Amino acid sequence: MSGGEEDTGGDKTVSFAPEEEKSAKVLQQKLSMLQKQHELQSVSNSLSFPKPVTRLVFWTRPKQRQRWGDVDSHCHINWGDLFFDLFYVASALNLSLVLFYSPSAEGVLYFTGLFGPILLEWFQRTFFDARFVWGDDPFHRMFEIVHLCALSFAAVHIRPVSTMTDPTQIEMFDYSLAVTGLALLNMYRSIEVMLTVDGEDAAKRGEKRRLIDFFVQLAFYLAAAVKSGITYYGSKSADENDFGNRGLESLTNACSRILNLAPERDLAAEVAVEKDHIPIILCLCGWVSTVVF
């Protein structure tokens, strides 16, 4: 028998030389070390530790998260997404006051018209993050800050129906202006994807369809902002022009009360505030147009 084989009662067993056993152990150790390095790299990627910045890049191209035929990948929730959801907690609180003080058809109209545009904004943000990803660059960080400011501006100006319908209050104008800004930001995001995305042509074509939806939204929201702005600043100008008449009328009331000639006139009761529902109807149409079409 050769030196690598031994015969023990007809059964053959294979034995290796000491050098071969030593090389096999070394190979096994190397494989074990590579496996541990791979596991550590996977843990590091899952924790999303920031990479060291070698050079500052002001703007980077958006990327398609997953191409056709790629292995399924799941996007992780970060602190920015959780902070984004907190604005909807404040919106829910303010919207509950709308129905609390106006449990009527008018209250339902304003609840729907105020809730629809910001709900649509949550869906649009979720759909975008599921399909594309931005780089960690200063431009897109500032874009996210502006986006959150516009959303918070809309949430903080959700007020009861009596305030939203009052032409002397600026709340409806500010809310319409905020959702108009959100529509403009969404349009820019779609245009950026269409022109510069690192992905397939199908992603660009799909974003073109969404750009049309954003344009329709913008038309309705902008019309609501213009209408409420004209109503607010028109009533404010009328109040300033009528300041002299009100002063004279107050002086007349004072003289009448002193001389006891006539009962005092209630100026607040005589001034009837005309409600304006057109802006909220336009906001509602902007939301419904995207949902239906």
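For Trp122, the solvent-accessible surface with a 1.4 Å probe is about 90 Å², rounded to the nearest 10. All other residues with a Cβ under 14 Å from the Cβ of Gly107 taken together, and with Lys, Arg as +1 and Asp, Glu as -1, what is their net charge? Here the count lands on +1. Under 5 Å between amide hydrogens, built in the peptide plane, is the criterion, and for Phe132 it picks out Arg65 among residues at least 5 positions away or on other chains.
What number comes out for the charge environment of Asp129, summing +1 per Lys or Arg and -1 per Asp or Glu over other residues with Cβ under 9 Å away? Walk me through the numbers on the way to the answer.
Numbers: positive: Arg65, Arg125, Arg131; negative: Asp81.
Residues near Asp129 contribute +2 overall.
Distance between the modelled labels on Arg67 and Ala202, one decimal in nanometres: 1.3 nm (7 Å Cα→Cβ projection). So, with a 1.4 angstrom probe, what is the percent of accessible area on region 65-186 that is carbon and sulfur? Using a 1.4 Å probe with all protein chains present, region 65-186 comes out at 71 percent carbon and sulfur.
Would you mind counting up the charge near Ala155? Only other residues with Cβ under 13 Å from its Cβ, with Lys and Arg at +1 and Asp and Glu at -1. Walk me through the numbers on the way to the answer.
Values: positive: Arg159; negative: Asp85, Glu121, Glu171, Asp174.
Value of the local net charge: -3.
Once the piece of chain linking Asp136 and Val288 is laid out straight, how much longer is it, given 0.36 nm per residue of separation minus the C-alpha distance between them? Before the final figure, lay out each step's value.
Values: separation 152, 0.36 × 152 = 54.72 nm, distance 3.42 nm.
Here the segment from Asp136 to Val288 would lengthen by 51.3 nm.
Quick one: putting +1 on the C-beta of Lys and Arg, -1 on the C-beta of Asp and Glu, what dipole do you get for region 62-213 around its Cα centre, in Debye to the nearest 20? Could the numbers behind the result be given before it?
Numbers: 13 positive and 19 negative charges, 60 e Å.
That gives a dipole near 300 debye.
What region 112-248 shows is 46 Å² of accessible area per residue, with the surface traced by a 1.4 Å probe over protein heavy atoms. Remark on Asp198: its backbone amide H falls under 5 Å from those of Lys63, Gln64, a criterion applied only to residues 5 or more positions apart or on other chains, H modelled at 1.01 Å from N.
The values are calculated or read from the model by the stated rules, or taken from the named source; none is laboratory data. Note that the coordinates shown come from a computational prediction; the quantities given were computed from them, not determined experimentally. For neighbour counting, all protein chains shown are included, and Cβ atoms are generated from backbone atoms with ideal geometry for every residue, glycine included. Calculation scope for accessible area: heavy atoms of the full protein, side chains included, ligands and nucleic acids excluded. Shrake-Rupley method; radii C 1.70, N 1.55, O 1.52, S 1.80 Å.
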